[in-house]
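Engineer: Would you mind keeping the following structure in view while I ask a few things?
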Amino acid sequence: MPSPPRALLPALALLVSLSACSDPPPLPTHVVVVSIDTLRPDRLGAYGHREDVSPTIDRLAREGVVFEEAIAASTWTLPSHAALFTSLWPAMLDLGRFDAPAKVSDAATTLAEVLDDAGYRTFGATAGAFVGAEFGFDQGFDTFLPPQKRFEPAVERALAWIDDGREADADAPCFVFLHTYDVHNYVATADDRRRFVAPSFRSFLATKRNLGKFLQRNDKQVCENMGDRDWVYATARYDAAVATADRTLGRFVDGLAERGMLDDTLLIVTSDHGEEFGEHGRSGHGYTVYDENVRVPLILRHPPSLPAARVPAQVPLVDVAPTVVDLLGLEPPSSWQGRTLAPLLDGDGPSRPAFVSDTHVPHLALRDDGFKYFLSSMRPHEHLYDLSSDPRERKNVVASHEERAAEALDRLARFAERAAAETRYAGAALTPSDEALRSLEQFGYLAGGSESRGDDAGPPGFDWSALIERVRREAAERRAAAAEVAEER
Ligand SMILES: [Zn+2]
């Protein structure tokens, strides 16, 4: 290597001494993960929505790293949160259906367990139901509260727990997990409802009964009867709920700041899935794998080590847990299938493939390379969308992209085979307690019944191989028919 010109030597020496002197950025001391259930990114200012809905999240986004295309691993609460915490794909966790759910396997290692082992004090406050202790979410938590019906008391309890811990040991690192169903249930303060929905606005959803059918119950008839005004009403009610949850999150963030902890904390805000506003004829979530269901917000904030950035690359939520342990300087368990997002945190870096699976209405999807390919237990069984030219997923292009579809099918077949072979992480069947059944019913999970899942809904422990074989056969028949037409011409 040629030596540098003499005139540059003093500058180089200065540079060397500066880099030797400057300390690496401090690691975060505390970790907070907030999951606002059913939160669509496109209803947040940080992702392009009006700015008066989510000022807290928007501020965290400005000060943190925003993943613009984060993809949940499933479309309903239990498997998606399980994937977030265990960094295992739900196809492997095998967590059943709304009406026949399973418990997250004890064999899986959760983020809370890793942090607990590393000496963190750990605290979880969730709204219960599918994120309750009964379903295995208390793994690794010193303190895991009984279901907190509303977000606000959960936040108050978390701050009180932090204070108690600091009294005992001011320096102990904390891990806090907060989850709320308030947006899922369109719960808003009266003020927020008035702010987003004029009291005189007429919609048949304004009655409790109809809104109840629209929420999670996914009553097809209700959706079919909805006109433009009803959708305006539904989305305004949703925005009001996001605004209320955002303000409560703001109280928690202020609480961390008042305790001098905010900038020592790796704060993560995300969700487990989105919500349908009739884009494909439905409401609720857990029934399809279109983007309105699988895209979620993902924001990481720790200004001392993470300069603000926006990351356009696609990332799956199974990568969140490995990212947390990496940013803390810990080793991930060997079972984790996600990878750290550290190389993407400055905004650059390639997209990662995202698998989505659901066994309530069986769906298996691969979102990669600007396309989404998925298998559905409902007809048609095979779907392919070109997300760059058709982001709303209107035109199924399977027939005109045979090669791409066949390649994606092979990848899904290999993925499903690996998941089926790895049985030790499969969820344990359970009979939910009366309390859990009541809360599941309250959240609408038990109301839809089999008819809401469609004609070909599978039993628990869905066997993907039969569906894959069926799709292979149909694709072969389609190609043969196309060849015949071509020959006749
Ligand atoms: Zn959920």
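The values are calculated or read from the model by the stated rules, or taken from the named source; none is laboratory data. Bear in mind the structure is a predicted one, so any value in this text is a computation, not a measurement. Because the Cβ atoms are built from the backbone with ideal geometry, glycine has one as well, and the counts that use them run over all protein chains shown.
Engineer: Which number in (1) crowded, with 22+ Cβ neighbours inside 10 Å; (2) under 21 Å from the mean Cα position of the chain (by Cα) marks the one condition that residue 214 misses?
Structural biologist: With respect to (1) crowded, with 22+ Cβ neighbours inside 10 Å; (2) under 21 Å from the mean Cα position of the chain (by Cα), residue 214 is out only on (2).
Engineer: Let me ask something else. Determine which single condition residue 119 fails, assuming it passes every other condition in (1) buried (at least 18 other Cβ atoms within 10 Å of the Cβ); (2) farther than 16 Å from residue 332 by Cβ.
Structural biologist: The failed condition is (1).
Engineer: A follow-up question, please. Considering only region 374-404, state which residues are at pLDDT 95 or above, in a loop (DSSP other than H, G, I, E, B) and charged (D, E, K, R).
Structural biologist: 390, 392, 393, 394, 395
Engineer: If residue 271 meets every condition in (1) more than 30 Å from residue 221 (Cα to Cα); (2) touching a residue at least 40 places away in the same chain (Cβ under 8 Å); (3) touching a Leu at 6+ places or on another chain (Cβ under 6 Å) apart from one, which number is that one?
Structural biologist: Only one criterion is unmet by residue 271, namely (1).
Engineer: Just checking, which of 73, 82 is within 16 Å of the ligand (Cβ to nearest atom), modelled with pLDDT of 95 or more, in a helix (DSSP H, G or I) and surrounded by 24 or more Cβ atoms within 10 Å (Cβ to Cβ)?
Structural biologist: Details: 73 fails: in a helix (DSSP H, G or I).
After applying the criteria, what remains is 82.
Here's the yes/no breakdown for (1) part of a loop (DSSP other than H, G, I, E, B); (2) more than 16 Å from the ligand (Cβ to nearest atom); (3) modelled with pLDDT under 95:
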residue	(1), (2), (3)
141	yes, yes, no
147	yes, no, yes
152	no, yes, no
160	no, yes, no
163	no, yes, no
176	no, yes, no
191	no, yes, no
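Engineer: Still on this structure: Anything in region 97-108 that is buried (at least 23 other Cβ atoms within 10 Å of the Cβ) and either modelled with pLDDT of 95 or more or of a type outside the set (Phe, Trp, Tyr) (or both)? List them, or say none.
Structural biologist: Just the residues of region 97-108 that are buried (at least 23 other Cβ atoms within 10 Å of the Cβ), to begin with: 97-98, 101-102, 104, 108.
Passing the criteria: 97, 101, 102, 104, 108.
Engineer: Does residue 136 satisfy the criteria of being more than 16 Å from the ligand (Cβ to nearest atom) and buried (at least 20 other Cβ atoms within 10 Å of the Cβ)?
Structural biologist: Details: more than 16 Å from the ligand (Cβ to nearest atom): no; buried (at least 20 other Cβ atoms within 10 Å of the Cβ): yes.
No, not satisfied.
Engineer: Please give the strands (runs of 3 or more DSSP E) falling wholly within region 262-360 in which 2 or more residues are within 16 Å of the ligand (Cβ to nearest atom) and within 21 Å of residue 176 (Cα to Cα). If you could, list the steps in order and put the result at the bottom.
Structural biologist: Details: elements: 265-270, 295-301, 309-316, 354-358.
So the answer is 265-270, 295-301.
Engineer: When the residues of region 240-261 are filtered to those that are surrounded by fewer than 17 Cβ atoms within 10 Å (Cβ to Cβ) and farther than 19 Å from residue 181 by Cα, which remaining residue is nearest to the ligand (Cβ to nearest atom)? Explain how you work it out, then say what you get.
Structural biologist: Taking region 240-261 first, the residues surrounded by fewer than 17 Cβ atoms within 10 Å (Cβ to Cβ) are 251, 254, 257-260.
Now narrow it down to the ones that are farther than 19 Å from residue 181 by Cα: 254, 257-260.
On the way: 254: 26, 257: 28, 258: 30, 259: 29, 260: 33 Å.
Of everything passing the filter in region 240-261, 254 is nearest to the ligand (Cβ to nearest atom).
Engineer: Looking for something touching a strand residue (DSSP E or B) at 6+ places or on another chain (Cβ under 7 Å), part of a strand (DSSP E or B), touching a residue at least 12 places away in the same chain (Cβ under 8 Å) and within 14 Å of the ligand (Cβ to nearest atom) - is there at least one such residue anywhere in region 179-186?
Structural biologist: Initial filter on region 179-186 (touching a strand residue (DSSP E or B) at 6+ places or on another chain (Cβ under 7 Å)): 179-180, 183.
Add one more test, that the residue is part of a strand (DSSP E or B), and what stays is 179-180.
Checking the rest, the ones that are also touching a residue at least 12 places away in the same chain (Cβ under 8 Å) come to 179-180.
Next cut, within 14 Å of the ligand (Cβ to nearest atom) only: 179-180.
Checked region 179-186: at least one residue is touching a strand residue (DSSP E or B) at 6+ places or on another chain (Cβ under 7 Å), part of a strand (DSSP E or B), touching a residue at least 12 places away in the same chain (Cβ under 8 Å) and within 14 Å of the ligand (Cβ to nearest atom).
Engineer: Go through (1) within 16 Å of the ligand (Cβ to nearest atom); (2) at pLDDT below 95; (3) touching a helix residue (DSSP H, G or I) at 6+ places or on another chain (Cβ under 8 Å) one by one and return the number of the condition residue 92 breaks.
Structural biologist: Unmet for residue 92, out of (1) within 16 Å of the ligand (Cβ to nearest atom); (2) at pLDDT below 95; (3) touching a helix residue (DSSP H, G or I) at 6+ places or on another chain (Cβ under 8 Å): (1).
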